[in-house]
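A quick write-up on the structure given underneath.
The values are calculated or read from the model by the stated rules, or taken from the named source; none is laboratory data. It should be emphasised that the depicted structure is a prediction, and the values quoted were computed from it without experimental measurement. Cβ placement follows ideal geometry from the backbone for every residue including glycine, while neighbour counts extend to all protein chains displayed. Accessible surface is based on the protein model in full, side chains and every heavy atom, while ligands, DNA and RNA are left aside. Shrake-Rupley method; radii C 1.70, N 1.55, O 1.52, S 1.80 Å.
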Amino acid sequence: ASFLLLCFRRSLVTPLIFGLLLQPPLTQLSIITKPNIVLLMADDLGIGDVGCYGNDTIRTPNIDRLAKEGVKLTQHIAAAPLCTPSRAAFLTGRYPLRSGMDAINNYRVIFWNGGSGGLPPNETTFAKILQQQGYSTGLIGKWHQGVNCESRNDHCHHPLNHGFDYFYGMPFTLISDCQPTETPEMDRAFRRKLWLSTQMICLITLTAALGRLTGLISVRWKTLTCLAGFSLLFFISWFSSYGFVRYWNCIMMRNHEVTEQPMVTDRTTSLILRESISFIERNKHKPFLLFLSFLHSHTPLLTTEKFLGKSSHGLYGDNVEEMDWMVGQVLDAIEKEGLKNTTLVYFASDHGGWLERQEGKRQLGGWNGIYRGGKAMGGWEGGIRVPGIFRWPGVLPAGTVINEPTSLMDIYPTVVHLAGGVLPQDRVIDGRDLMPLLRGTVEHSEHEFLFHYCGIHLHAVRWHQKDSGAIWKAHYVTPVFRPLGAGACYDRGFCPCFGEGVTHHDPPLLFDLSRDPSEAKPLSADTEPLFDTVVRKIGRAIEEHRRTLTPVPEQLSVYNVVWKPWLQPCCGTFPFCWCDKEGDN
């Protein structure tokens, strides 16, 4: 009997030992299970504004902690140098011109909540795939991908129509018009022209009327009446939109409901933070995706009193430090709920800092470190190279720095694969799964070429020559900086993509970013033996890339961009749109 009992025990123990030996390590197990995913995106933050990327005067201890505990990318590239197209690429994993979200004109972003352009309903965001995989999906903060298509309540571009179960935030973007004490920012030059035109028409009308009354001019009263009517209609036609920007664009929504119109900026930061933490607490027992899209650090730089005057860089520095504090609060909430080891956290900016954003001597835009150019510049590194940090304890090696080219578009396939989803097979996905690179199982990024657009205009191309380690970058179009010798378009406030404000290069300006990351010394056939070979190789890549493009409706056409009163979100009876549902009453 004892012999049979011993045999029975061995028959149990032996498979158990083999099972333990064959079991994959914890890292492998963690990847099989669906992690929570928290995506943190700053607005207009320069790569040079963050401590772990070299800034030693603005304090960002929480973002730095993420880098220390995770993986820092040093060549993380936005697919566009402005909010709307960059975020469209981030959400879809595709260059924005594939979805019609890059501009054919000078209107390069969504301009009104009441416009008809936006992220097309037939685009599949990563949120939609994760939603199908059983994730609770939430977007807190900035959207800027449109709201309606044909009627005030169709919500065809709304976050809830793009895979998010919950939305709280701004359907538009933060602008200085949202702060009554600030100088208006939206379409400032065009507004001046409209005011001037209105004054000229009124002056002509008044002069004609006075001339008629004094007998100096022979003009019919009927003509004067028509002229006065035209003056009034012209004024109403533009003032009905531009005169009420704060009411039309500066609104807050919860799901489909407008909760503040206009938004009460004094409490926006606390509400966004409260909503973010609440979403984590509500969904801690199942996989969740939280996309926290900060309003920081876009003008007018909403900053609470606690942080005002605390930094060495004025209001902009105060704002960045407050955003870092918010990052810390979110990380603390994740840890408090015991989710740290089951949550992938990602931090980035949508594009580079806005160099030209100044008011007098106040610098209100970010700093892009050693990199040339900034926001709105499609080719120069300062406009598209952004912070990129991942943290997942036990899965991603802590304190790792990766110097390979990566893209914001890579988040799409990365999170889809982690959630157990499948990438759409009916369209081109330009992003690449980053997990092998982040975990160190491969040495190089999957990207061989990255194409840098300004609107629909190709300005530059990057070639990662993996066998040599060189990163070649060819500029075919560059903006003309004003004043001469300056590093930005200070005369315009934004660098253009085409027209008189750009220079075309044939042959292109060529740089090797591995040796010259600041793009200070262009190479030539005389100084670089591989010049002609590299230019030909990049030229062939452009031809292949263009063969993958197909015509799509332009979401940022003039018609789609202009304000349409019948599409304007309104919490009352239009045009009497005013409410404050977050207040005490």
Report task. Only residues in region 435-458 that are open to solvent by 70 Å² or more (accessible area, probe 1.4 Å) count as the first member; pair them with residues that are in a loop (DSSP other than H, G, I, E, B), Cβ under 6 angstrom, at least 6 apart or cross-chain, and list the lot. Result -> E446/R432
Report task. Specify which of the listed residues (T225, T207) is over 30 Å from K564 (Cα atoms) and either open to solvent by 70 Å² or more (accessible area, probe 1.4 Å) or at pLDDT 80 or above (or both). Result -> T207
Query raised in the report: Out of H452, H459, H417, which single residue is in contact with a Cys (Cβ under 9 Å, 6 or more places away or on another chain) and modelled with pLDDT of 95 or more?
Result: H459
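Quick check on my filter: what residues within region 365-398 are among the aliphatic types (A, V, I, L, M) and at pLDDT below 95? Walk me through it before giving the result.
First pass over region 365-398, keeping only residues among the aliphatic types (A, V, I, L, M): 370, 376-377, 384, 386, 389, 395-396, 398.
Within region 365-398, no residue meets the criteria.
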Report task. Check region 74-85 and report whether any residue there is part of a helix (DSSP H, G or I), open to solvent by 10 Å² or more (accessible area, probe 1.4 Å) and either of a type outside the set (G, A, S) or touching a helix residue (DSSP H, G or I) at 6+ places or on another chain (Cβ under 7 Å) (or both). Result -> no
Query raised in the report: modelled with pLDDT under 95 and aliphatic (A, V, I, L, M) - does that describe any residue in region 233-244?
Result: yes
Requested in this report: Could you grab the pairs with beta carbons closer than 7 Å, sequence gap of 6+ or different chains, first residue in region 514-526 and on the phi < 0 side of the Ramachandran plot, second one open to solvent by 70 Å² or more (accessible area, probe 1.4 Å) and not polar (S, T, N, Q)?
Outcome: P517/I370; S518/I370; S518/R372; A525/D532
Report task. Select from region 509-536 the residues that are open to solvent by less than 40 Å² (accessible area, probe 1.4 Å) and of a type in the set (A, V, I, L, M, F, W, C) and write down the one among them that is farthest from R385 (Cα to Cα). Result -> F531
Report summary line: Of T304, T268, the only residue that is surrounded by 19 or more Cβ atoms within 10 Å (Cβ to Cβ), polar (S, T, N, Q) and in the same structural domain as V415 (by the TED database) is T268
Requested in this report: Please work out which one of (1) part of a loop (DSSP other than H, G, I, E, B); (2) open to solvent by less than 10 Å² (accessible area, probe 1.4 Å) is the condition E322 fails and give its number.
Outcome: (1)
Report summary line: L437 passes all but one of the listed conditions (1) over 30 Å from I37 (Cα atoms); (2) outside any loop (DSSP other than H, G, I, E, B); the exception is number (1)
Query raised in the report: Does region 297-310 contain any residue that is outside any loop (DSSP other than H, G, I, E, B), within 24 Å of the chain's Cα centre (by Cα) and either under 25 Å from C570 (Cβ atoms) or not charged (D, E, K, R) (or both)?
Result: no
Query raised in the report: Taking the condition crowded, with 21+ Cβ neighbours inside 10 Å and not charged (D, E, K, R), does I471 pass?
Result: yes
**Report entry** Test result for R274, basic (K, R) and either over 17 Å from K142 (Cα atoms) or not assigned by the TED database to the domain that holds E356 (or both)
**Finding:** no
**Report entry** Among the candidates D506, D491, residue that is open to solvent by 40 Å² or more (accessible area, probe 1.4 Å), modelled with pLDDT under 95 and touching a strand residue (DSSP E or B) at 6+ places or on another chain (Cβ under 8 Å)
**Finding:** D491
Report task. Being closer than 20 Å to V562 by Cβ and without any contact (Cβ under 8 Å) to a residue 60 or more places away in the chain narrows it down to one of D177, D102, D154, D165, so name that one. Result -> D154
**Report entry** Filtered residues of region 42-71 (kept if part of a helix (DSSP H, G or I) and small (G, A, S))
**Finding:** G48, G51, A67
**Report entry** Hits in region 124-153 (condition: within 19 Å of H285 (Cα to Cα) and under 21 Å from the mean Cα position of the chain (by Cα))
**Finding:** A127, L130, T137, G138, L139
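Condition test on T343, is it assigned by the TED database to the domain that holds L82, over 27 Å from L509 (Cα atoms) and among the hydroxyl-bearing types (S, T, Y)?
Details: assigned by the TED database to the domain that holds L82: yes; over 27 Å from L509 (Cα atoms): yes; among the hydroxyl-bearing types (S, T, Y): yes.
Yes: the conditions hold for T343.
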Requested in this report: Kindly indicate whether any position in region 361-382 is hydroxyl-bearing (S, T, Y), on the phi < 0 side of the Ramachandran plot and more than 18 Å from the chain's Cα centre (by Cα).
Outcome: yes
Query raised in the report: Out of all the residues in region 174-191, which are exposed (fewer than 11 other Cβ atoms within 10 Å of the Cβ) and in a helix (DSSP H, G or I)?
Result: A189
Report task. Go through region 347-386 and give me each residue that's in contact with a Lys or Arg (Cβ under 8 Å, 6 or more places away or on another chain) and either of a type in the set (S, T, Y) or assigned to a strand (DSSP E or B) (or both). Result -> Q363, Y371
Requested in this report: Would you check if T573 is among the hydroxyl-bearing types (S, T, Y) and either closer than 30 Å to S241 by Cα or open to solvent by 80 Å² or more (accessible area, probe 1.4 Å) (or both)?
Outcome: yes
Report task. Answer yes or no: is there a residue in region 228-236 that is aromatic (F, W, Y), open to solvent by less than 70 Å² (accessible area, probe 1.4 Å) and on the phi < 0 side of the Ramachandran plot. Result -> yes
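In region 44-58, is there at least one residue being within 18 Å of F291 (Cα to Cα) and touching a His at 6+ places or on another chain (Cβ under 8 Å)?
The answer is yes, given that some residue of region 44-58 is within 18 Å of F291 (Cα to Cα) and touching a His at 6+ places or on another chain (Cβ under 8 Å).
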Query raised in the report: Failed condition for Q568, given (1) under 30 Å from S237 (Cα atoms); (2) over 26 Å from the mean Cα position of the chain (by Cα), with all others met?
Result: (2)
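Let's see how each residue does on (1) free of Cβ contacts under 8 Å to residues at least 60 places away in the same chain; (2) basic (K, R):
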| residue | (1), (2) |
| --- | --- |
| H313 | no, no |
| D318 | yes, no |
| I334 | no, no |
| N368 | no, no |
| R372 | no, yes |
| G378 | no, no |
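Pick out the one residue from L194, L213, L160 that is free of Cβ contacts under 8 Å to residues at least 12 places away in the same chain and in a helix (DSSP H, G or I).
Result: L213 is the single residue among L194, L213, L160 that is free of Cβ contacts under 8 Å to residues at least 12 places away in the same chain and in a helix (DSSP H, G or I).
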